[in-house]
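Okay, structure first, notes after.
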Amino acid sequence: MAPLLKQLKSFSFLLFLAMIGIFFKVILHQNSAHIVGFFMRKDNLSVAADSSDQIFRSYNITPRDVLRQGNGIIFVETTDRMDEPSLVLCSIESAARMYPDRPVAFFMKGLHDIITEDDEKKARKRFPSLSSYQNIYFFPLRLEKLFANTPFLPWYEKINPGREVHWTYVKADACRLAMIWKYGGIYMDFDMISIQPIPEDNFVAAEHSRCTTNSVFGLPPHHKLSWEFMENFVQNYKGEVWGNQGPILFTRVVNKYCGFPQFKAIDDLKCANVSYLHPERFYPFAYSDWRKYYEVWKVLPTFNNSYALHLWNYMNGEKKSMVVGSNTLIEHLYKQYCPSNYEKILHNVTTHH
């Protein structure tokens, strides 16, 4: 009887071990993509490209995973457009090159949810000039999810986009604020070409002496200034007034704390416990001089005092663009700061000729 009892105990123990093994096998199978992707990412932010310049990473990685350090560079496409103009691609590429150790997140409303590895590959394949950059991430933009737990959600649920005069721009103004509130980092418009690293992480910037821009700004996650921007946006909403939820909003809030700061030389200032950057940092050309980027220069400007160049694309009713062989200032900028994009355009031009 005793040997039989001993055999039963041994069998029960082996059965228990087998069940434990099956349990862990199932768990590992379900989470293998996430686990492998996590450990393959260099510094948990990027992964190495293979010989075909394809990026392999966990396909279920989230914006919070990528932007958790609060130092990302964020771009947001709020329309359904997926065939992005070259200036958009140049802006993203120049940021990826200028900040190689930071994640560059590109949120797109028209992008399908990335659920499988194949979804990830299809998203990257859409933008071949960006596909070799390890630090660029593509994410779908879902407004209800983004606006959750912010002052924007009640406003968004009540608004009628069909009656809005400037809905595309108003929506974009809201998205950038919610993004920086949730994730922190630096937001940039699509017509901003990065030429030097911004030495400040927490900043707003002047467009000119009496206007604060919302085209580029940087704050840590859950900063009180971001929340105040969002509250002021909703409380003073006038969608029919161009810029009221953008640079006019930023100017209202900054003016409350600092008045209209007076810049001396090219020095930056402090305002509301963040840096307030001189107009030269992003606006070496005033909006009335936007065509200078599309002109031929005998001597190219150095832009030594600038971190990025805002090309005033909303002024570009003439639809000017970079033309290969034009020797314009913008062609020189493309060659230097977004060479992959430039080579792609050059290849298309030569192929079609």
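What follows is calculated from the coordinates using simple rules that are stated; it is not laboratory data. Quick caveat, the model's predicted, so the values are computed rather than measured. No Cβ is skipped: glycine too gets one built from the backbone with ideal geometry, and neighbour counts run over all protein chains shown.
Side notes on the structure shown:
- Taking every alpha-carbon pair under 8 Å whose residues sit at least 6 apart, segment 264-321 reaches a relative contact order of 34 percent.
- The loop-placed chymotrypsin sites (Phe, Trp or Tyr not before Pro) in segment 258-353, going by DSSP, that have at most 12 neighbouring Cβ atoms within 10 Å of their Cβ come out as TRP297.
- Dividing the Cα radius of gyration of segment 51-151 by 2.2 N^0.38 Å, with N the residue count, gives 1.04.
- Both numbers refer to the Cα atoms of segment 210-270; Rg and Dmax are 12.4, 37 Å.
- Based on the Kirkwood approach, the hydrodynamic radius assigned to segment 150-308 is 16.6 Å, with every pair of different Cα atoms included.
- For segment 247-302, the Rg and Dmax computed from alpha carbons only, in angstrom: 14.7, 44
- Spatially proximal aspartates and glutamates relative to LYS256 (Cα-Cα < 12 Å; intrachain offsets below 8 disregarded): GLU228
- Partners for LYS171 among aspartates and glutamates (Cα-Cα distance below 16 Å; same-chain residues under 8 apart left out): GLU77, ASP80, GLU144, GLU157, ASP189, GLU231, GLU240
- For a straight C-alpha distance cut-off of 16 angstrom, the lysines reachable from LYS344 (same-chain residues fewer than eight places away being disregarded) are LYS125, LYS335.
- Taking 0.36 nm per residue of separation and subtracting the Cα-Cα distance, full extension of the segment from THR350 to ARG81 would add 94.2 nm.
- With contacts taken as Cα pairs under 8 Å and at least 6 residues apart, segment 83-180 reaches a relative contact order of 26 percent.
- Other-chain or far-sequence residues with amide H under 5 Å of PHE217's (modelled H): TYR187
- A viscosity of 1.306 mPa s and a temperature of 10 °C, combined with the Kirkwood radius over Cα pairs in Stokes-Einstein, give a translational diffusion coefficient for segment 230-353 of 91 µm²/s.
- Taken over the alpha carbons of segment 86-219 as equal point scatterers, the Debye sum produces base-10 log I(q)/I(0) values at 0.14, 0.17, 0.21 Å⁻¹ of -0.75, -1.09, -1.45.
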